[in-house]
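Some notes on the structure that comes next.
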Amino acid sequence: MDLKLITEIIVFLLIAFRIYILESFKIKSAADKLFALYYLRNHHPILAYIIIFYIVEIIIIQIGLLHIVDIALIILATIEMFIIYRHIFITLKTDDKDDYIDTVIKRMFSTLTYSEYIEIKGELYKPQPKWKLYATEMFVFLFAIWNIELG
């Protein structure tokens, strides 16, 4: 096996592992996905860091094995890091999804009317198709494989 194939297999397994772990939380909405990552960080930190920073791990694998710098993944990782910092790494300690989502909404917006709050909360809890919930993972997979094949 050459290094390209090994790297592609590792990338596939890492993304599949993330989706499997998140899917074990029975995710149906954006709020469920956020809370699953938050819950993992609080209760299973080692597993959480593997799951949360999967894009960085893929970038490191590509650089380490193939000496490829994937600009698209670096941009996605930067955006994801900002989201993680704002929503997952907060000082709140709770096992209640509603408390967590309330805190996230309040951190996102400094001034909200009650009707805006209800609207945002409704959007976060609205059931989404699986492809929308895992769109980031699909983009990461496609960008990584595309860059490996070109590199």
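Which ones in segment 70-103 are exposed (fewer than 13 other Cβ atoms within 10 Å of the Cβ) and in contact (Cβ under 8 Å) with a residue 24 or more places away in the chain? If the condition is that a residue be exposed (fewer than 13 other Cβ atoms within 10 Å of the Cβ) and in contact (Cβ under 8 Å) with a residue 24 or more places away in the chain, then F89, K93, D95 are the ones that fit.
Considering (1) assigned to a helix (DSSP H, G or I); (2) under 26 Å from R107 (Cα atoms); (3) touching a residue at least 24 places away in the same chain (Cβ under 8 Å), the lone condition that A36 does not fulfil carries the number (3). Answer yes or no as to whether K132 is open to solvent by 40 Å² or more (accessible area, probe 1.4 Å) and either over 14 Å from the mean Cα position of the chain (by Cα) or small (G, A, S) (or both). Considered against the rule, which asks whether it is open to solvent by 40 Å² or more (accessible area, probe 1.4 Å) and either over 14 Å from the mean Cα position of the chain (by Cα) or small (G, A, S) (or both), K132 comes out as no. Within segment 40-52, restricting attention to residues that are surrounded by fewer than 17 Cβ atoms within 10 Å (Cβ to Cβ) and not β-branched (V, I, T), which residue is nearest to E123 (Cα to Cα)? Within segment 40-52, the match that is nearest to E123 (Cα to Cα) is N42. A Cβ distance below 9 Å, combined with a sequence gap of six or more or placement on separate chains, defines the contacts here; from segment 109-123, residues that are without any contact (Cβ under 8 Å) to a residue 40 or more places away in the chain and over 15 Å from S29 (Cβ atoms) reach residues that are part of a loop (DSSP other than H, G, I, E, B) and not small (G, A, S) in the pairs E116/F109; Y117/F109.
The values are calculated or read from the model by the stated rules, or taken from the named source; none is laboratory data. Quick caveat, the model's predicted, so the values are computed rather than measured. We place every Cβ from the backbone using ideal geometry, glycine too, and count neighbours over all the protein chains shown. These area figures cover heavy atoms from the full protein model, side chains too; ligands, DNA and RNA do not enter into them. Shrake-Rupley method; radii C 1.70, N 1.55, O 1.52, S 1.80 Å.
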